[in-house]
Every structure is written in structure tokens, then in C-alpha cells.
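In what follows, a structure is listed as C-alpha cells, so that the remarks can point back to it.
The values are calculated or read from the model by the stated rules, or taken from the named source; none is laboratory data. On a predicted model such as this, the values are computed, not experimentally measured, just so you know. Here the Cβ positions follow ideal geometry from the backbone for every residue, glycine too, while neighbour counts run over all protein chains shown.
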Amino acid sequence: MSTAAATHYVSSDAIQRYTFHERVMHWLNALAYTYCLATGLAFYTPHLFWLAVMLGGAPTSRFWHPILGIGFFIAMIWMHVVWRSDMEITETDKRFLSNVEDYATNRDDRVPPQEKYNGGQKLYYWLMYYGTFLLLFSGLFLWFPEYISFSLAWVRHLMIVLHEVAALITIGGFIVHVYMSVFLVPGSTDAMIHGSVSRAWARTHHRLWYIRVTGGDPVGKE
Amino acid sequence: MNPTRRSFLKIGTGAAMASVLGFDLKAAYAESKELKIARTTETRSTCPYCSVSCGVIIHTIGDKAKNVTPQVVHVEGDPDHPINRGTLCPKGSSLMQDIVNDRRLLKPQVRRPGSDHWEDIGWDQAYAEIGRHIKKTRDESFITTDSQGITVNRVESIAWNGGCTDTNEFNYLAVKTMRSLGVCFIENQARV
Amino acid sequence: MSNGTLEIKAISGHAGPVAGRDTSRDYDVCKLIDVTTCIGCKACEVACLEWNGYPFRETVFDNTYQTMPDLAWNYYNLIRFNEHVAEDGTFSWLMRKDGCMHCADPGCLLACPADGAIVQYANGIVDFNQDNCIGCQYCVTGCPFNIPKFNHETKKVHKCTLCSDRVGAGLEPACIKACPTGCLHFGSKDDMKDLADKRVKQLHEHTSHKSAGVYDPPGVGGTHVIYVLHDIDHPQYYGGLPKDPRVPLLVRIWKGPLKWLGNFAIAAGVIAAATHFVRYGPKKVEEPKKEEVV
Amino acid sequence: MTNGWIDIKNTDMMLIMGGNPAENHPCGFKWPVEAKRERNAKMIVVDPRFTRTAAVADKFLQIRAGADIAFLGGMINYALENQRIAKEYLVNYTNASFVIKEGFKLPDDGLYSGYDHDKQTYDKSTWNYEGAGAHQAPSGKASQSGEAPAPPLAPRQAPPPPSLPPNVIYDTSLAHPRCVYQLLKQQYSRYTPEMVERITGIPKDQFREAADMFTSVRKDGDMKKVATIIYAVGWTQHSFGAQIIRAAAMLQLLLGNIGRAGGGVNALRGHSNIQGATDVAGIFDSLPGYLKVPNPTDKDFAAWMTRITPGSSKPKDWDSFNYYSNTPKFAVSFLKSMYGDAATKQNDWAFDYLPKVDREYSWVHIWDDMYQGKVKGVLSFGMNSVAIGPNSQKTINALKKADWLVVCEIYPDETSEFWKSPGISTDDMKNIPTEVYRLPGAGFAEKDGTFVNSARWLQWKWAAVPPPGDCQLDQAILARIFLKVRELYQKEGGKFPDPILNLTWNHLDPNNPSLSELAKELNGRAISDVTDAPTQTTMKAGQQLPGFSWLRDDGSTSCGNWIWCGSWTEAGALTQRRGTDDPSGLGIYPNWAWSWPMNRRVLYNRASCDLNGKPWDPDRRQVWWNEAQKKWLGVDVPDFKPDSAPKDHMGPFIMNPEGVGRLFVPLAGMADGPFPEHYEPFESPVANLFHPQQNTNPVVKKYTSDMDKYGTPDQGFTVICTTYRLTEHYHYWTKNNPMNVQLVPQMFVEIPVELAADLGIKGGEKVKVSSARGTYIAKAMVTRRIKPMTIDGKKVYQIGIPIHQGYRGIQEDAGRESKTLANLLSPTVTDPNAYTPEFKGFLVKLEKA
């Protein structure tokens, strides 16, 4: 593990966390989501309408929002195919979640060791996964409201609220996700960009995974 | 002429930001779409359909300057007219489509005996042929006296059918010309 | 060049108050539709098309005198024909001019996210500005009367402007001018209410229409298009006029509490994250000892 | 219209029947609505269908098409029975008190006295007033009423027709058994509510309610209120159409509603200028101003004048203005206008130049004669003959036999393309020898000139745009044709060229006569100085005359149409006036345009006052007698002799020789009886309940060629069909207008729900309607607006067809219509008075197409 990594930003002890394929997948998903988020927020509240203007004008935003929404959905399905097995909630995750307060207050020593993804990440994943369906389903009604007869106007009303509630929930998750990956857990963003993390990082945050991929945990043995 | 869009003043998005905090105390106005008949030439006419005789105003482009061929851009009721007072029915309201209509006949045509199509014909040629037809038919069948020997001076082989929208003056011309030819069959939409 | 301007009272999708709102006087305009004198001649339909210069639509015969089943983006007003048999067997042929009601509390404007796409003038006219329209059709969702219509080609929504261009220049709307029987009337809202009330009184006293009434639904704050109906208790007989139209509750929730709650939640989320970061800082990686590295 | 459009707002009660003004005259219909809104006037609508008019009516009655006389007769009976009549008006302003000759018989068996079964005509000598003393042949003879159409022309060689007695026996107590009033009572006593129900299908309770409502204006002898009757071709287009209108006029006379603001009998003409066309004699049987055409019995001008100038016929103590006594002045001035210097006293004012006619040359006859090969050429200017007349296939087949056809039109129409009408193959065309010229004329916006509306207003319009393409003005086209013919006669001679060569043609541009020149000619001018004796004023030679009282029979004046004299005077074109003042508030607008005669807006307005010249209703006063000035004053122009004091008892109906309104029309006034009698339409599913042996009008005009077929219920034609227009369309014209096509894209047949259920027809499906003459195919409109009727216990269905389908039009050319004309169905049967075909109420069968 050696010379090739020399040109890398990550120390030579890096281990691969995300393949190139996974990273492309994540960022496409992120791009679509972010675009929908920005334009969606513009349509959502007049105070953020300027977002749509900055993104090429509101009519353009309205045009691309549902199309990128479909893109987001496809990316999400792709992600699901790739990550579904990694995302199954296990006993480990439940333990993590019961100790989430420790995790949130950075008392990481009290947090039980985690697999490649911890319970919180998995929850975020499922939140986004199901949120995507909700957004797509309600979004289709918003996309083509003219095909809903006036006698079924309540469907339109309901779908708008559903779309917004779903969006708000994903936004909540998204804020946490961005905060954690960019600020709270240094190295996370690097990982999603370059694909690898340091051994220490892996050992700290995802020890079970670390052990699995390194074949043991010489450091952790007490 | 006739832009379909309105231009709104000071309510564009940029300006919206300025007014977020309500700084702008000047009232916001929207400039309305241009009134398409603001500078047209108005001609008073009468609707050609039913007998209410609604007054209509035909709006044409241009101010009657020599170099302009007037084009009808709008037709509306004449508000001064005591009967219709500006109102028009669905037919009267659509008179512009009658004046400017691509189904209009634009040149004289003739269908020759036995033919299955129209041919173009010049006006002079048409007048010459029609004049000849009328004279021939009249001369062939003119009745100077009836069976009792009484002078009747009539023609029973030519008929005149006048339309509902022919003006009085035109009808008078028809009565003059047809009666002078001796035509008896002078009829009009008025009968049916 | 323009011929007139109209003062703005409300703007869709607009952050903050409308500049200078209520700083000058204006009067509310109103279209009165006295259904009891409508003969369904469609002069209003044609006058509207002629004024707006819209192209012709291909229509098909559908066992009715009604021009087409519903309004269209380039067909702002439509007479709805209904053959109605009352319980006592009395037959009536009801004709109602359908079109934008110009609500005082317009659901379309409330729902519209696009800044300046829908404008309510101080005189009560609710007007769409297609330049700013984003084609989302939230106005369609917000409208309790099923009025705004979408143009698939241009992705813009249209509806009756109450001839804001004519009114701005001091003329009456085109449909009003054309109406042969005077079933349509135009003036200030006060005058039209007055006229409508008098007509209703007359119908009560001198005709068999004892349930006549004025349709000026309070659920949308009153409208700037009001009806006199023979039977105010059953507006639905007139081609689906809603009995008590309101801006849909969910739309109100969406544009009211939900919007503010969401705004707050998003802001709170961001602030919470920042606070968390300040309080706890980034997570530390537990650096292993050098020799332990494989 | 005796009154005018705006005047309807002054009414208290409306009977709208035989017309659908909301549909066909929407802008005029605002005034009935105004009366409802402003005066709480009631509106009764009687129609075979629940129409757009019915939609805003106070009362709607569904009547069987063609049962109108039964209904109106029932109304007359109701008014008489309940004394809902205007007694003073009736006695003094109508011929109710006149005594009728002995020997006159009412039509209990369907026939009046004097019927000749072989000739199917009446000897009308008993249809006359009883004269006091010996009959002296007065200078004039029988006349027609102002409203009634012209009588059929006297048969050749008949003895001179009987004339009205100058001194009529009368009985103002109305008790004389042979007085008009008693005969009227006797005639209509048969029209009981029960009978009305059996014939019209209107339940008798509903009928009573309507009759009570309408006649309520005369409740307890009150004379203030006024009722009007509004009709259109729903009455005219029957084989007894003129008599329906007569019945309405009689009802109005009984109620004292004629001559009054908000009253009258108001014909709503269907077209912009057919009133003008009739006024200026675009029809065979009159010359301009309703002068009767000369016939061969008129050996010279004097004889013609003697025949057509009526002498007054009245009770000796009464006075009669008898305005038609001026007929020679009008006739001479007309001939001077036609032939100018070529019309001299010496040559009898060129009397021989006028064709003498002794038979009917009406519309249906044109095609009948053409079908028989007699008519060889047709000039059709703005008239879609194939589509408009009855039995279109006969018209098409007739045109196939013509030598030439000249059509001046603005759109491709059915008439100019008759030779390629549906069903004619290219091979067939080879056998059609007709040479057809289609000349592009000018549209209304491209021409100036005047129209006369229903209210008799002459209004000038101005040209807005030049004709497009190679189109020419219609007057230029006609002028060029005429001048070509004249040139040929000048060069080559020919049969009797004199009238052609001598026709006046004083136009700055002979090839394109200006309509203002013609309008001035119609008004008339002084040829030499003319002085009005009473006022000692003089019109100089060449000056435009101010009114028809200036016309002379010595050749010193010329006038194209006497009733329009006063329309373009030295003061200019009064037809162009745009004064918007209405000082009286009655909607008279005396300074807007110009109304014939002499700008009078309500005809017979003397009748709006009582015997003493005081208005019946002071709130709606139109004219009144001013004792101090010894003359009639008014907000309208008095339609009366201005200085005739009330004590002279001059009758208000100045165009009648009697001076009074005719409840009984004497002599040749009507071809089919002095009183209207119910006859069945020529094709009817039921027998005449009054007299089954005389089912239809005994003097009905029908035709006998192989194309003239008539259907009976036995042949399966059991459904009554009526035809009409839609508000969105105008005859066969707007099918070229995309806007109108958009509103009603396809033509349809209106079918009652019950009939559709019987036949398994659903709305929108194609149906085939067949009559004995042809078939019509269109989509079904299944509706509750036409209900099945019970006629004398028998279930009868009616259907309706809007007439706007043709074979050239936007939808026709696009293949979206079946290209059948509604008039393929209608019969060649005409009213014997007005010669109008029976487009309303003929028999058909209906099936799925």
C-alpha cells in the first residue's frame, strides 16, 4: 500500500471506503437533490425565490425541477441497488441508536463499534429512500395537475402538502447529513471525493468495518 | 401594434428584493397592455346580419394617410347607437372575421357549359358575355302583347334574386334596371 | 406605449409588503352577471376572443349548445348551458357565463410561487402576467372555481384579465360592452351590489323566482364578479358553481402555517447544526500508535 | 314593426310567438328585457321549442307548429268572453261597428262564402261592408291594409272587382247581428280553451293562465297599460302565415294596443335590409312605396291609377284621411325618376315601359318556371337561392335547365356551385349546359349606403376598407352589366329597347354610380319649381324635396320611392344623423337617422289618444291634440293629418280607406278570408278538428311538377319538423366565418328525449331526417327542450333543424358535415297572400343514419 498512494492527499495508510462508481452515484444523487432543493425552496417560499432566479430564472427552474427530480429518483434507485445490503438495520445499529446521545455529544468512546455505516447513516439513507418515493409520487401530480379533474381537486391539494412535508423531512435529514459530513466528521467529504479514509478514521468511526476490511484490529485489542 | 404582453413596472424580481423590507413607499403600478384601438381610424357602419341594424365601429389601421391601405384590426359596437348602445351579438362581434376572411372570392370566374371546373375570366369579358346573354334571352322571349292583344312589354325568362344585405340604393338600381328590361321575376330574400 | 396604469394591491410570490400599498384611493370594480337575463348568446365569448385576438379552436358537437366542455387558456369565458328540471317538474334552461371571479381573497395569488406572476390591482382585478409565470399551475390548485388554464406550448397559465388593458384606459371590459341583453353590467362594487340587490328584490316581488339571490361568496372574501341567480340555494345547478367556495384549506395550510413552520424548521436546523459545532466541535479521530500500524 | 326596437321597453306585457328574438335578434331583445327590468313587464313565449327566449320568459307554452291561429283565436275568444277589450278604441278606431253585407258566411265548414271549388279561389263580393244607399262607383277601389301583403292579382277578364261602399252602415252599440264585432264573436266562440288544447297541445289551464295574463292589461276597462306582440317568420312561413299575423293584429285592435308606445304588432325581420328591399320593391308584386304593379287590365296610366287608388269607405259621420288617395302623385313621380324627360304627360308617363303582370311571379314560381324550361337566365346578387328556398333539389334541378346564371357573392356558395352539388358526378356535369358567372362583390364594410331596419329606420353606413383583390362594388357590377346591355341595344337594336335606352342614368361615373346619388334620387327632387299652397313656400327646380306632401302628379317632381321622400333633403342626408337625444325618454331618438314615413317612429300614433285627443296614458304620451293651436303635437311626429280636430272623428289608420283598423278585412285584402281561420299545415299529422273535410287552407298555393312531392302520415311521415336559425350563425353566410364555426361547429337535429329513446338514438349520433322530398343528415341533439305533445289524444313528436348546413363552408370543405341542406326537406307550398313558403311545420321521418 504504498507508492501509488504517495500522490494522494490521504496518508499512505488509507483504505478505500467508496469505489469510484459509488462516488459518481452519490454525487449525481446529491446534485439532483440539491438542484431540486434549491429550486423547490424557491417555489416554496417567496423569501428564497431568488434561488430560482439565480438558477436561470423561475420558468427554467420550474422546467428542470421535475426532470431533475426524476434524475434524483433514478440515482436513488441506483444507490439502492448498490447499497441496500449495507443499509440493513442490525442489532449493532440499534445499539448505536440507543446510544446516539453519546455520539451526538462526541463522547465517541461510549459509542459501540459500528459497521461501514452507522445506525444514523442508515436511518438517513432510508429516510431519503422513502422520501424519494413520496416526492416522486406527489411530484407527478404537481407536474401534471391539468390532468386531474376539478372534482378531484382535493388530490392536488393533498399532494402539494405531501410533497412539501416529504421535502421538509428530507431537508431535515439533508441538513444533518451535510453538517456531519462537512463539519462534524472531518474526512467524510474527502472520503466521498477521493474514495479513501485513513485507518484511524475508519477505526474510530466504523470499527467493525475496519476490522472486517483489515482482517483484525491490532490496535483496538485491550 | 398589438403586443400581447403587459410590462410591469418595478415588480421584477430584482426590485422585489428592495421591497422585501418595505423600503419603497412609492405605490407599485402595473402598466396595462397597450390598448390596441388607441390610434386606429374609426368608421361607423351597420351590422349586415339581422334587422336590428346595430351600429358598429370598424377600426382600421392607419390614420387615412395616403400611403396606407386600411386593414381592419377590430370591430366593436357603436355606443352611440340608440338601439344597440354598443352591444353586439356573437355574429356582430365576429364581423372582423367576415371582413378579413381567406375564403373571400377575389376574382371573376366562369363555369362553361358542361365543364367541371371554374375558369378565371376578365371583368370586361364577363360583362360582354353576360350582356350578350341577357340581350339574347330577352329578345328571344320578349312578350309585347298578351293573348288578348294588350300591350304587356314583359320578360318572363329572366329572374332577379336580390340579397338580404343589398343596400336600398343598390336595390333601387336593381329595380330600375330590371323593370326597364321588362323583368317580371324580381324577387328578394324578403320573400323567403 | 401604454394607455393606462393600475395600482397594485397584492403580488404573488412576493417577499414583503407591496410597495406603497393602500397609499392612494381607488374604487373596486365589479362585473355583475344577472343570470336571469342571460340568453346564452355567447356574444361575451366572441367579444373576448376578438379583443384578445386569440386563434380559433377546433370544437366538436357534444349534444349541447355549450361551445366546449370547459374554459381553455385562450377561452376566458364560456356560457354553461344546463337543462334543469325542478322537483315540481318545472323546466328551465340555465345559462351561466363562467369565468374568473376576481376574488378579493384570490386562491390563485395565494398559491402562486412566482414573484409578480399574479397581481391584484387596487381596483380588485386579479391579473396574470405571463412574463413572470413559471407554469407551475399552483394557481389552478389554489382556485376554488376551476378557472386558470394552462397552455402546454408556452407553459403559461391564462385566465380572464377583466380586460385590465381596457379598464386601465378607461373602457369597460369587452364582454360587458358586447352583452346584448344587459345581463352583464360593470361598475363599482358598491353600485353592482346595489343593482344586484334591487334585481333580487324585484325577482322576489314580481316573479316566481322566490329563491333568487346574489352570489358574492364570502369564503373568498367576496368577488369582483358577482351573479344574480334564480336559485341562490343551488348554485351547483348552474354548471357546477360551488355553493360555498373557499380557498382550499390545505392550500391555506400550505401557504400559511406549513410555510412558516418549514421556514422555521429549516432555519432552526441550520442554527442547531452550527450551535452543535460550536459546542462540540468536530469529532476527533483516535490516532493509533505508529507501531500498531500494519 | 308598427313600433320600434327601443319602444318595446315601454310595454307592460309581451307575447312573443312565431319568433325567437333572443336567438335571432339578441341586441334588439335587450328592450324586452329592459321592459321586464324597468317596468316589471311580463313576457309570454309560445313556441314549439323551449328557446333561448323562453329561457328568460315569465311563462312558456309549448305549441304544436302551425297551430298558431287556434291559439290566437282562443285569445280573441277569451278577451271577448271576459270583456278584456278596449271598448272606446274598438268602437271608434276599428271597423267593429261596420255592418257586413248579407250573404257573408263564416267558415264553420272551413269555407267562407264565395268559394269556387274548381279554381280554388274565392269570389269575395260578399266580403264587403253594407253600404248605405245605392252603390256609386267611387274613384278608387279596394285596397290592402298597410300590414297585409298584396292580394293576388285579379284574374284576367274578370268583371271589374267589387268596390268598398263610400258610405258604410254601422252600429256603435255593436249589437247589429251582422256588424263585424258580432261576427267576430261568432267566429271565435268556437275557439274555446278545450278546442285550443286539442289543436295546439297546450293544456287548457296553461292556456287560460296565459290568456288571462296577456289580456290583464285591459282588466276592468283600464286603458293605461299596453301589451305588445312580437313575431317573426315563425308566423310568416306557413301556408296561412299572413292570417296568423292578422289574428295577432286583431287581438291588438281588440285590446287597443296599436299605435301606442309599448304596443303594436311587431314583425322582427330576419335580415339587415329586407324591410328596405320590400319598401323599394325588390319583389315582383309592387313598385317602390308599395304601389301595386300595373296589370293588363290597366289599359293606360289613368286606368291603372283608378284601380289602385282607393276611395274612402267609412260611416258618413266619420272622416278618413285615406292617404293612398295620393297614389297618382307617387306613381308619376316614380316614373319621372325612372325615365326622366322620356316620361311625359303625352306618353302617359311612359306607362308602357312598365311590364304588366297578371300572375304570380314569386320566389317559388321562379324555380317552377325554370324547372319547366321557361326561365332561362338568373341574376343572383347576394342571394343563395339554392340554400334559401324550399325544396332545394328542385332549385338545383331547375338551374340545370337554365342557360346562364350570374352570381355576385363574396364567398363560394351553394348556388354558384349547384352544378357540382353532392351527387353530381363529373360525367353528369357534361350534361349541365348552364353557363355560370361568379362575380366577386364587395362586403358590407366595403360599401356605403343605407339599410332599413325592422323599425323602419334608414341608416347610412360608411365604407371602411376597399374591396379586396379584384372585387368590385356591387353597384359597379350591376351598372356595367346594364350599360353593356344598353350598348348592345343601342348598336344592334332589339325588342322594345325604349325603356332600356331611356332609363335615367345621371351619375358622375356611369360605370360606378355612387350610392349617394341614388339615395338623392330615391328621395326625389323638384323638376320645375313647386309651391306648397298652404305655406306658400317654393322648392326650386333641382332641389331635394323635404317630404312626400310635395310630390305632384303633373310631372314637376321626381321621386324614386315616395315613402322615403324626406330622407335626403336640402338639409342633407338625414339618414346620416347621429343625434343621441331622447327628450321624451320613450326611446324615440327623433334625430338619429331617419324613419319612414316622415321620421315617424310609431305608426298610427293617433290611436295612442282617446277620442278627444288625450293620451290614454299621460306617462307615455306620444302625440296629443292641442286645442289652442288647433293641431296635433307630440314627442313623435304625428302619423295623422296635423290639423284634423278630434271632433271630426278622422280614423287613426290613415292608410286604410276606412280610416280605422280592420278586424274584418273586406274584399281582396286577404285571399283566404276576412277573418283568420285555423287550417292545418299542408303536411300535418292530424286532421283539422274544426272541419276535417277542409283540412288545409282552401286557397293554398302548391305545385305540380314531379319534384313537388308532399308527404302524409300514412307514408310514415309522422314527425313534425320545423326549421330555424341559431344565434351563433347567420343563414349560409357564417359557415365561412371561423369564429362562428367555433361556436357551433356542426349542425344538428333537436330531438325530444322521449323520441330519441323510442328510436334508440343517443346525443351526438348521426341521424337521418327524410321528407317526401329529400333527406337531411346531421348529429342528434337529444334535449328536454322539446316535449312530446298530445294533440286530440294522440301523441305527436316535433323535431327542429337549424338551417346552417350547406355544401360549401369551412366544415363542409373539411368533410365534417354531411353536406345536406335543411331545405332539401321543406315543401313547395306557399301562403296565398305573401307567397312565403311553409318552412315551419312539415312532416318527416327520423331514423339513425
Quiz item: Can you list the helices (runs of 4 or more DSSP H) found entirely within region D:232-297 that contain at least 3 residues being out of contact with any helix residue (DSSP H, G or I) (no Cβ under 7 Å at 6 or more places or on another chain) and not β-branched (V, I, T)?
Solution: D:241-254
Quiz item: What is the one condition in (1) buried (at least 24 other Cβ atoms within 10 Å of the Cβ); (2) assigned to a loop (DSSP other than H, G, I, E, B); (3) within 11 Å of chain B (Cβ to nearest Cβ) that C:T154 does not satisfy?
Solution: (1)
Exercise. Kindly provide the set of residues from region D:400-422 that are assigned to a loop (DSSP other than H, G, I, E, B), surrounded by fewer than 23 Cβ atoms within 10 Å (Cβ to Cβ) and of a type in the set (D, E), ordered by number.
Key: D:D403, D:E417
Practice problem: Please specify each residue of region D:373-385 satisfying the condition of being more than 7 Å from every other protein chain (Cβ to nearest Cβ) and farther than 25 Å from B:T165 by Cα. | Solution: D:G373
Quiz prompt | Total residues in region D:164-212, condition in contact with a strand residue (DSSP E or B) (Cβ under 6 Å, 6 or more places away or on another chain) and over 30 Å from D:P315 (Cα atoms) | solution = 4
Practice problem: Select from region D:350-372 the residues that are hydroxyl-bearing (S, T, Y) and within 8 Å of chain B (Cβ to nearest Cβ) and list them in ascending order. | Solution: D:Y353, D:Y361, D:S362
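Can you tell me which residues in region C:243-252 are assigned to a loop (DSSP other than H, G, I, E, B), touching a residue at least 60 places away in the same chain (Cβ under 8 Å) and of a type in the set (K, R)?
Matches in region C:243-252: C:R246 only.
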Practice problem: Return the total of residues in region D:445-488 being touching a residue at least 60 places away in the same chain (Cβ under 8 Å), within 7 Å of chain B (Cβ to nearest Cβ) and in a helix (DSSP H, G or I). | Solution: 3
Quiz item: In region A:188-222, which residue that is facing chain C (nearest Cβ under 8 Å) and at pLDDT 85 or above is farthest from A:D109 (Cα to Cα)?
Solution: A:S198
Self-check item: First in region D:503-522 and not assigned by TED's automatic domain parsing to the domain that holds D:Y489, second anywhere and assigned to a loop (DSSP other than H, G, I, E, B) and of a type in the set (D, E), Cβ under 8 Å, 6 or more apart
Solution: D:L515/D:D448; D:S516/D:D448
Quiz item: Of the numbered conditions (1) within 14 Å of chain A (Cβ to nearest Cβ); (2) outside any loop (DSSP other than H, G, I, E, B); (3) of a type in the set (G, A, S); (4) touching a residue at least 12 places away in the same chain (Cβ under 8 Å), C:G240 satisfies every one except a single condition; which is it?
Solution: (2)
Exercise. Quick one: count up the residues across region D:48-91 that are in contact with a helix residue (DSSP H, G or I) (Cβ under 6 Å, 6 or more places away or on another chain) and in a strand (DSSP E or B).
Key: 3
Quiz item: All but one of (1) buried (at least 16 other Cβ atoms within 10 Å of the Cβ); (2) at pLDDT below 90 hold for A:V185; which doesn't?
Solution: (2)
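Given the structure, is D:D413 more than 27 Å from B:L95 (Cβ to Cβ) and more than 7 Å from chain B (Cβ to nearest Cβ)? Reasoning before the result, please.
On the way: more than 27 Å from B:L95 (Cβ to Cβ): no; more than 7 Å from chain B (Cβ to nearest Cβ): yes.
No.
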Quiz item: Counting just the residues of region B:155-181 that are of a type in the set (G, A, S) and in contact with a helix residue (DSSP H, G or I) (Cβ under 7 Å, 6 or more places away or on another chain), which one comes out farthest from the other protein chains (Cβ to nearest Cβ)?
Solution: B:A174
Quiz item: Inside region D:492-511, can you point out the residues that are in a loop (DSSP other than H, G, I, E, B) and over 32 Å from the mean Cα position of the chain (by Cα)?
Solution: D:G493, D:G494, D:K495, D:F496, D:P497, D:N506, D:H507, D:L508, D:D509, D:P510, D:N511
Quiz item: So which residues in region C:190-237 are of a type outside the set (D, E, K, R) and part of a loop (DSSP other than H, G, I, E, B), if there are any at all?
Solution: C:T207, C:S208, C:H209, C:S211, C:A212, C:P217, C:G221, C:G222, C:H224, C:H230, C:I232, C:H234
Practice problem: Name the single residue, out of those in region A:100-130 being within 11 Å of chain C (Cβ to nearest Cβ) and surrounded by 19 or more Cβ atoms within 10 Å (Cβ to Cβ), that is farthest from A:I171 (Cα to Cα). | Solution: A:V111
Quiz prompt | Pick from region B:43-76, criterion in a loop (DSSP other than H, G, I, E, B) and among the β-branched types (V, I, T), ranking: nearest to the other protein chains (Cβ to nearest Cβ) | solution = B:V52
Self-check item: Within region C:47-58, tally of residues that are under 12 Å from D:L743 (Cα atoms) and either at pLDDT 95 or above or more than 7 Å from every other protein chain (Cβ to nearest Cβ) (or both)
Solution: 2
Practice problem: Can you run down the residue pairs with Cβ atoms below 7 Å, 6 or more apart or on separate chains, where the first is in region B:42-71 and modelled with pLDDT of 95 or more and the partner is in a strand (DSSP E or B) and basic (K, R)? | Solution: B:R44/D:K461; B:S45/D:K461; B:T46/D:K461; B:G55/B:R44; B:I57/B:R44
Exercise. Kindly establish whether B:S32 is surrounded by 24 or more Cβ atoms within 10 Å (Cβ to Cβ), modelled with pLDDT under 90 and not hydrophobic (A, V, I, L, M, F, W, C).
Key: yes
Practice problem: Give C:A43, C:A15 a once-over and let me know the one that is at the interface with chain B (Cβ under 7 Å from one of its Cβ atoms) and surrounded by 23 or more Cβ atoms within 10 Å (Cβ to Cβ). | Solution: C:A43
Exercise. Kindly indicate whether any position in region A:155-172 is in contact with a Pro (Cβ under 8 Å, 6 or more places away or on another chain) and within 30 Å of C:V157 (Cβ to Cβ).
Key: yes
